[in-house]
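Before any comments, here is the structure.
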Amino acid sequence: MKKFAFARSFHILLPALFIAFASTGTALAADTIKLGIAGAHSGDLASYGLPSVKAAELVVKDINARGGILGKKVELLIEDDACKPEMATNTATKLVSRKADIVMGHICSGATKAALGIYKDARLIAVSPSATNPELTQSGQYPGFFRTIASDDAQARLEVDFAVGRLKLKKIAVLHDKGDYGKGLAEYAKKFIEADKKAQVVLFEGVTPGAVDYSAIVQKIRQSGAEGVIYGGYHPEASSIVSQMRKKGMKTLFISDDGVKDITFIKVAGRYAEGVYATGPKDTSKNPLAVAANEAHKKAYGSDPGAFFLNAYAATQAILNAIDKAKSTESAKVANALRTHFVDTPLGKIKFDGRGDAIGVGFAMYQVKNGAYVEVK
Amino acid sequence: MDYFLELFVGGLTLGSIYALIALGYTMVYGIIELINFAHGEIYMIGAFTALILSSVLAMAGMSGPAVLVLASVVAVLYSACYGFTVEKIAYKPLRRAPRLSPLISAIGMSIFLQNYVMLAQTSDFLPFPSLLPDLDFIRDSIPFIGPTELIIVLVTAAIMVLLTLLIKFTRMGKAMRATAQDRNMAMLVGVNVNRVISQTFIIGSALAAVGGVLIASHIGRINFYIGFIAGIKAFTAAVLGGIGSIPGAVLGALVLGWTESFATGYVSSDYEDVFAFALLVVILIFRPAGLLGRATTQKV
């Protein structure tokens, strides 16, 4: 989650943008499909929200140029929540009263959660490009919520599915570096393993980052009889632990996260890195649609797109495609279409699972082969 | 029982590593009552020198034990030069200053050396070649100890014996002991105190460099920051054993290494440092001068 400086200059221009849209809005009000765009468009986190507005504009401009969908033009209703939950409820109410058909947003998890209560009552679907809190989809409270970004626990989920489902491990040691990122991931991994009941967590511990030597914990892994280690943390400790395990002749599998999926890990651990698994973001840089979307942004706005631009682009495409396939803006039909029809987006071919998480978005498993990370198919 | 032995050996290795660095702290403290915070950085510089040299030698086509010996010798000499220079620049001008001044100077030197290496080399972790020979027959005959671990323990033990002999039986050692007891009196009987202090720094730095080479090739990675963490642990070991005492530093380091190893093995690695430092507090409560330290009476 990085902030982009250019967004600040852009948000000065935003009021002008609003007026422009408000005027086109009244002109087309007769019969349009109203797409609400909610998120942080002002304040500290505007740089997370504004790229989604631009993404929606680009997609909609494209669609309208080709005659719209279901014979209607698409109109954007842009509302700001400044990433604040208390403002997000107002934003949501406003969108409902302006008769939005569907919403692309919100941006921040907290604001999204606050707004979802209102959308649920109004039977409105919301597709977020960036809200990563796992509970939003997993709690099952918001059946009308979808997202085009992987949730915070997606890496842990992938690691566990891979270790238990693909590698068929029965005994797993879960280690972390006591940091927010590593420990959070490790706790999710432990929860998933225990919930699946197909494997057993034989060791769950934090190691001291930067310690001189990890031989004691390596002995403990061996003693625990673990067939594989799931490690949450970064590459310096991971390379030490892996090297010491291999030096002691242990063949225990090592599975880690995108903190380890780093070329430095391979350089430092050298031949001991071979065979190590790590999850990392799916590579979208070669996707022609992503390249095209980025180019369109450069052409229209004269700058590189900001955070979550591609996610928002995909979300808008998915929404419009679903309305087209459902031949209606009725929530139940659109939700069904979102779940059943694949759509080509800059993030790849996606559709949504029963809980609302995008299938085909997020992380992939990589393995070190001959000194490089190769995606495991 | 095997598990216990493995943890015991792990702790012994870790303790030996700490001991090599702790000796430098304790020798300097014994002679001029200064905590040389830059000592950890000398250890780091030793490791970097060995890395650079072994890369050059590997490019020149050399391999095996020859690289290890050459790299270690150069690292030791180079670090000894650093130790000597650091003392001349940062501590000697402050010989008569209040005790806090050289301490601050030492901290400054430590930060300077860290940043100097970071800028001159890199802030990333670098892979360190495993220079120690991989003696596989050891793994087969003694299952619970790895070859590199065995080498570290043996080298440390040998250095300890040599150091003790040096201090007990040579003229230099005698001069060191005299300076440690009473610097002014030593000067009066004709000991060249400045030279003794320089010698102490040179020996301490050489030991740290040996530690640097051994540990770096055991762990397989270095960066500019490794000296800080190892230095803190070694300093703790020196205090635990009684700072100023050479056998104390070794004992303290071993106790610390075993505590960490067993705490990780039998309790949880989450509490590794908690146990290590709780032990330090307990020992200092009952033996304020450390395990083997002599209680010094304040001279009035």
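The values are calculated or read from the model by the stated rules, or taken from the named source; none is laboratory data. Just so you know, these numbers come straight off a predicted model, no measurement behind them. Positions of Cβ are backbone-derived with ideal geometry, glycine not excepted, and every protein chain shown enters the neighbour counts.
Of all residues in segment B:160-192, which are assigned to a helix (DSSP H, G or I) and among the β-branched types (Val, Ile, Thr)?
Listed by number, the residues that qualify are B:VAL161, B:THR164, B:ILE167, B:THR179.
For the condition aromatic (Phe, Trp, Tyr), surrounded by fewer than 21 Cβ atoms within 10 Å (Cβ to Cβ) and in contact with a helix residue (DSSP H, G or I) (Cβ under 7 Å, 6 or more places away or on another chain), what is the one hit in B:PHE277, B:PHE286, B:PHE228, B:PHE201?
Result: B:PHE228 is the single residue among B:PHE277, B:PHE286, B:PHE228, B:PHE201 that is aromatic (Phe, Trp, Tyr), surrounded by fewer than 21 Cβ atoms within 10 Å (Cβ to Cβ) and in contact with a helix residue (DSSP H, G or I) (Cβ under 7 Å, 6 or more places away or on another chain).
Does segment B:36-67 hold any residues that are surrounded by fewer than 22 Cβ atoms within 10 Å (Cβ to Cβ) and assigned to a helix (DSSP H, G or I), and which are they?
B:ILE52, B:LEU53, B:SER55, B:VAL56, B:LEU57, B:ALA58, B:MET59, B:PRO65, B:ALA66, B:VAL67, listed by residue number.
So which of A:ILE221, A:ILE217 ends up being farther than 20 Å from A:ARG166 by Cβ, more than 10 Å from chain B (Cβ to nearest Cβ) and not small (Gly, Ala, Ser)?
After ruling out the rest, the residue left standing is A:ILE221.
Listed here are the residues, each with its yes/no results for (1) surrounded by fewer than 23 Cβ atoms within 10 Å (Cβ to Cβ); (2) over 24 Å from A:VAL376 (Cα atoms).
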position: A:LEU167; (1), (2): yes, no
position: A:LYS171; (1), (2): yes, no
position: A:ASP180; (1), (2): yes, yes
position: A:LEU185; (1), (2): no, no
position: A:LYS190; (1), (2): yes, no
position: A:ALA195; (1), (2): yes, yes
position: A:ALA199; (1), (2): yes, no
position: A:VAL202; (1), (2): yes, yes
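Residues that are more than 9 Å from every other protein chain (Cβ to nearest Cβ), touching a Ser or Thr at 6+ places or on another chain (Cβ under 8 Å), touching a residue at least 60 places away in the same chain (Cβ under 8 Å) and of a type in the set (Gly, Ala, Ser): does segment A:224-231 have at least one?
yes
Do any helices (runs of 4 or more DSSP H) entirely within segment A:232-306 hold 3 or more residues that are within 10 Å of chain B (Cβ to nearest Cβ) and buried (at least 18 other Cβ atoms within 10 Å of the Cβ), and if so, which?
Once the helices (runs of 4 or more DSSP H) in segment A:232-306 are filtered for at least 3 residues that are within 10 Å of chain B (Cβ to nearest Cβ) and buried (at least 18 other Cβ atoms within 10 Å of the Cβ), what remains is A:235-247, A:263-269.
Pick out the one residue from A:LYS178, A:LYS171, A:LYS191, A:LYS197 that is in the same structural domain as A:GLY259 (by TED's automatic domain parsing) and either over 30 Å from the mean Cα position of the chain (by Cα) or within 16 Å of B:ASP270 (Cα to Cα) (or both).
Details: A:LYS171 fails: either over 30 Å from the mean Cα position of the chain (by Cα) or within 16 Å of B:ASP270 (Cα to Cα) (or both); A:LYS191 fails: either over 30 Å from the mean Cα position of the chain (by Cα) or within 16 Å of B:ASP270 (Cα to Cα) (or both); A:LYS197 fails: either over 30 Å from the mean Cα position of the chain (by Cα) or within 16 Å of B:ASP270 (Cα to Cα) (or both).
Result of the check over A:LYS178, A:LYS171, A:LYS191, A:LYS197: A:LYS178.
Among (1) touching a Pro at 6+ places or on another chain (Cβ under 9 Å); (2) part of a strand (DSSP E or B); (3) farther than 21 Å from A:ARG157 by Cα, where does A:ASP344 come up short?
The one condition A:ASP344 does not meet is (1).
Taking the stated definitions as given, is B:PRO129 out of contact with any His (no Cβ under 6 Å at 6 or more places or on another chain) and more than 30 Å from B:LEU12 (Cα to Cα)?
Values: out of contact with any His (no Cβ under 6 Å at 6 or more places or on another chain): yes; more than 30 Å from B:LEU12 (Cα to Cα): no.
No; evaluated as a whole, the condition is false for this residue.
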